[in-house]
Every structure is written in C-alpha cells, then in structure tokens.
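Peer 1: Okay, here's the structure, questions in a sec.
The values are calculated or read from the model by the stated rules, or taken from the named source; none is laboratory data. Predicted model, so just to flag it, every value in this text is computed and none were measured. Virtual Cβ from ideal backbone geometry, glycine too; neighbours counted across all protein chains shown. Accessible surface is based on the protein model in full, side chains and every heavy atom, while ligands, DNA and RNA are left aside. Shrake-Rupley method; radii C 1.70, N 1.55, O 1.52, S 1.80 Å.
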Amino acid sequence: MAECDAMNEQMPLLLTESLGREERERAHQHIENCAACAAEWKAYRATWSELGELPEVEVPARVKEQFLSTIGASRDSKVIPMRSRLAPGPRPSALPRWFAQAAAVVILVGGSYYAGNRTAPLRVLPSPATIQSVEQTPYSIAETRVLNASAISPNIEGRPNIQNVQFVDADASDNQIGVSFDVTSRVTVTGAPTDKSLVRLLSYVLERDNSTSPSRSNAIDWVRRTYSDPNHADPEIADALAKVLRNDTHEGVRIRAVETLKDMSPASSGTRDALIDALKNDPNPAVRIKALEALSNLAKAGTALDAKTIDTLRAKASQDDENPYVRVKAAELLSEIP
Amino acid sequence: MNHLSDQELMKIVQAGDYAPASEIYDRYSGRIYNFAFRFLKNAEAAEDATQEVFVRMIKYASQFQGDAKLSTWLFSITANWCRDYLRKSDNKAKEAEDVLLSLPASSEYSPERDLERRESELRVKRALGALTAEQREAILLSRYQGLSYAEIALIAGCSEGAVKTRVFRAMETLKKALTADVGGGGRWLNATR
Ligand SMILES: [Zn+2]
C-alpha cells in the first residue's frame, strides 16, 4: 500500500517522462501488476489527455505592434491603446534621433481610467509605472505617455506645434482610431472617429497653416477613409477640409481635400461655398474638375444649388479660356439640375 | 535573422541593436501569451503580460546569461509579471469568468464534435481555474509548455521537490474534476447522437 502511494506520486513524473529509466521500468511493472494503480494510471492518462483539449489561443497582432513601437523598433510606430508602460529610466547618451524625440501616447479608449481629468486641456500626463527601474536601461521611453481620451479637452488650447502626425486604425472593426504626433512629446490619441476630441484634433491637423508638413496629404487620405462613412460624418471635419481647399498652396493637397469633400455627406453651406470658390479661383484645373464633381454629388444627394452656384456654373461652361474638361463638366452639371 | 540561435539574437540585442526583437517575439510570443492567458484567466492581462515580457527582455537584456535557455528566462519574467498581477487583489475580480473559446472554425468539425470539444475545453478551464496559482503555474509549464521540473523550479523560484509536489497536487485535483462525470451529462449526450 505504501508502495502504491509512492507510485501515485510518481505518476505525474511518468506522464512527463521525467523519471529515470530504472524508476520508469519499476513503475510500469507495478502498474501492470496492481489493479488499483492500473486504474489510477488510466485516470491520470485520461486527465493528462483531456488537458490537451485546451486549444492554443492566438496572440492578437496588436501586441506585437505595441511591443515594437514601445521599443522604437518600428518606424511607423503603430501605437494603439496600451494599458501598461515602463517606468522612466535614465536617458542614455546615444539614442537614435527618432527615438530621442520625446514621446507620449494619448489614449482614447472611452473608458473611465482618466475620467477625473475630462476637462483638462490637451497635455501630457505621466503614465502609471508598472515596473521599477533597477539598472541603467539601454534606452528611455520615459517620454512615452498614455492618456485617455477623456483626459483631454476637445478644445485645443493655444496652437501646439504638432509634428510627424501619423494615423492608426489597428482593428478596423472596433470603431477605434488613433492619431499620433509629436508635441513636446510623442502623443497618440485613439478613440471613436465621432469622439469630439478626435474630430477637433483632426480638424486642427488639417487646418494648421503648415503646408510643408509631409503629413498633410496622409492626413487627408486618412480622414477621407474614416469620415466618408456616413456614420462618422462631422461638419467640423468638412469645414476643416474646406479650409484646406481654400488655403493650401500644394495642389496635390487641395485635390485630396476636394476629393474627400466629394465623398462626404451631408455637406454644410461652408463646404458648398468652398467648392464654388475652388471652381472659380483654383489655379489647378484638376481641383476645379473635382470641385464640379463634388458639387454634382451634392446635387444628386438632394442639396439644392442656389442661384449663385448656378451662375458660376454657367460662367464656367461658357468661359473661353477655361479648360475644356472643366467647361464640359460644368455644362453637364447644369443639365442635371432640374 | 531566422537562422540565428536565440543566444546569437540576444547577443545582438545586448549590443544595443533591437533588430532581432521581432524575430524573438515571433519565436516565443505564442507560448508566453498562452501561458499568461491560462495562468491569469484574462485575455487583456495576458496581452499586457506578453508585451511587458518582451519589453523587459529588451530592457534587461544584459541580465540574460548566454548559456541559459531563452525560453526559461522569458517564462521567468512572465511568471513574475503574472504573480505580481495576481497579488494585486483587485485583479482577481477581473478574471474572465468564462468563456473565451477560440476553436478553429474548421469544416472538419461536425457541430457535435465541436460541442464535445467545447464542453471538454470548458471543463478543463474550470478545473485549471480551481487550482492554486502555484499549482496552475506548475501544471501549465509542465503540461502545456513541456518544461522540465528543473526549469519550472527556476521559473517558479522554488525547489524541484516543491515543483513535484505542486504538479502532483494539481494532477490529483484535475483528475477528480475531469474524470468525475465520465458517462455523465456531456458524454452521454455525445454518446447518443
Ligand atoms: Zn499499486
């Protein structure tokens, strides 16, 4: 009986093949000759086998993105909601330049984590430290911050000099988007496209009179993808695009803006006026053609075109020195108006 | 990069070049995540754990001994993180009560087979959930990660004898939980289809 008890304790070892050869032989011999232990062994094996019914789960892809972005190993820095951060570490002397930029992360997960800070202006909050720094670290992510959307006010105070804007939609199905930028630190804002804080932030990104920013075209492309969904329609975004259309000195940017406006509905009167002004005054015929297409979409969507618009269309259709395509488009649109 | 050994990759990291981070992540993230997920019974926490483990791997790369197994070292970091997590009493409440079942939606499974698997899976999850954290840690590393008792002892910070006891007690409990209703509800339903 004592031998059976000892045998029992060895069974897990037998299962994991962790017994030496001699012990293993002895165990199997006992099991073969002892009905009680044989039953026990059968139950052990059934248990061990049933444990194998637990399937492997897949690691969500965002975990890798977060990891690589945290250590700065991914240049496109796909920052998405993260719940944990490293504690500040000492700053090393030779950091890669793009990592030496102070970085912060603003998170809009719609949760209550920073709910107490709802009215705070856009600013970088210290992130909760989760591990202690116990030695010289090879790099510092002290400036990487996590902020909740509810921690920042929709009203952006002052004119923060935001740079290197990037956009994130890690999971298209979760109604969460992200905007990443450098201020005095790296910031990523994520949240629903309809979140007012995000709308204002995006409008600000679009409106900033910094036409040399390489991110402007990306910004517009991205806004287009996100906000052409009628569920996300927002007049402030349209107004911001209208301003881009009026003011940007880069025709590529203006074309993107007008294309985006074309896809957005419903249009405000500000949008319509911007389209008409573009049609009248934009030096680039491609922009003027797109403006006509956008106006045509408005008409099809049921927006009544006022007398001023119709006058402009007539003038365009008959303007001798206008681009022929613009004239044809204007005439077409006029013929579509009831 | 994928032809280099773990040790060679870690040497590069130790020299301050994080280029191998992605490769190392690909090698071990699945095991780390699954272990953390089963240990903590919480998918979100397991995500945090996985990310933190690899960040710590980079951060504390200098502490990795070239002659050690990287898997053992990574599981040590993971187990530490998980134990810290469980120690915070408010995290206990976050345990996902059920059922993040992620079976492959493969056509080879009939609905009945699928049901059987799900029942089995649920029973295993409940049974594992009933273990103490120490026992669960030991059985997860032994059964699912195939680690030796010596490795588990390093990871759990205890003696091999203690690991042996933990696995034994865990198996006793699991055996009772998993073999108790053989012939009962779920099996009966499946047997009569
Ligand atoms: Zn016996």
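Peer 1: Among the residues of the stretch B:135-160, which ones are outside any helix (DSSP H, G or I) and out of contact with any Phe, Trp or Tyr (no Cβ under 9 Å at 6 or more places or on another chain)?
Peer 2: If the condition is that a residue be outside any helix (DSSP H, G or I) and out of contact with any Phe, Trp or Tyr (no Cβ under 9 Å at 6 or more places or on another chain), then B:Gly146, B:Ser148, B:Gly157, B:Cys158, B:Ser159 are the ones that fit.
Per-residue answers, yes or no, for (1) touching a Phe, Trp or Tyr at 6+ places or on another chain (Cβ under 7 Å); (2) small (Gly, Ala, Ser):
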position	(1), (2)
B:Asp48	no, no
B:Val55	yes, no
B:Ile58	yes, no
B:Ser62	no, yes
B:Asp67	no, no
B:Ser71	yes, yes
B:Ile77	no, no
B:Asn80	no, no
B:Tyr85	no, no
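Peer 1: Filter the stretch A:1-33 for residues that are more than 14 Å from chain B (Cβ to nearest Cβ), within 9 Å of the ligand (Cβ to nearest atom) and out of contact with any helix residue (DSSP H, G or I) (no Cβ under 8 Å at 6 or more places or on another chain) and give the result.
Peer 2: A:Met1, A:Asn33
Conditions tested, residue by residue: (1) in contact with a Phe, Trp or Tyr (Cβ under 8 Å, 6 or more places away or on another chain); (2) under 28 Å from A:Leu313 (Cβ atoms); (3) crowded, with 17+ Cβ neighbours inside 10 Å; (4) at pLDDT 80 or above.
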{"residue": "A:Ser185", "(1), (2), (3), (4)": "no, no, yes, no"}
{"residue": "A:Arg224", "(1), (2), (3), (4)": "no, yes, yes, no"}
{"residue": "A:Asp229", "(1), (2), (3), (4)": "no, no, no, no"}
{"residue": "A:Ala242", "(1), (2), (3), (4)": "no, yes, yes, yes"}
{"residue": "A:Gly252", "(1), (2), (3), (4)": "no, yes, no, no"}
{"residue": "A:Leu261", "(1), (2), (3), (4)": "no, yes, yes, yes"}
{"residue": "A:Ala278", "(1), (2), (3), (4)": "no, yes, yes, yes"}
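Peer 1: So which residues in the stretch A:4-29 are part of a helix (DSSP H, G or I) and within 15 Å of B:Lys164 (Cα to Cα), if there are any at all?
Peer 2: A:Asp5, A:Ala6, A:Met7, A:Asn8, A:Glu9, A:Gln10, A:Met11, A:Pro12, A:Leu13, A:Leu14, A:Leu15
Peer 1: Given the conditions (1) modelled with pLDDT of 95 or more; (2) open to solvent by 40 Å² or more (accessible area, probe 1.4 Å), and given that B:Tyr28 satisfies all but one, which numbered condition is not satisfied?
Peer 2: Status for B:Tyr28: all satisfied but (2).
Peer 1: Okay, moving on. What about A:Glu40, is it within 16 Å of the ligand (Cβ to nearest atom) and among the acidic types (Asp, Glu)?
Peer 2: yes
Peer 1: Still on this structure: For A:Glu58, indicate whether it is of a type in the set (Asp, Glu), modelled with pLDDT of 90 or more and within 16 Å of the ligand (Cβ to nearest atom).
Peer 2: no
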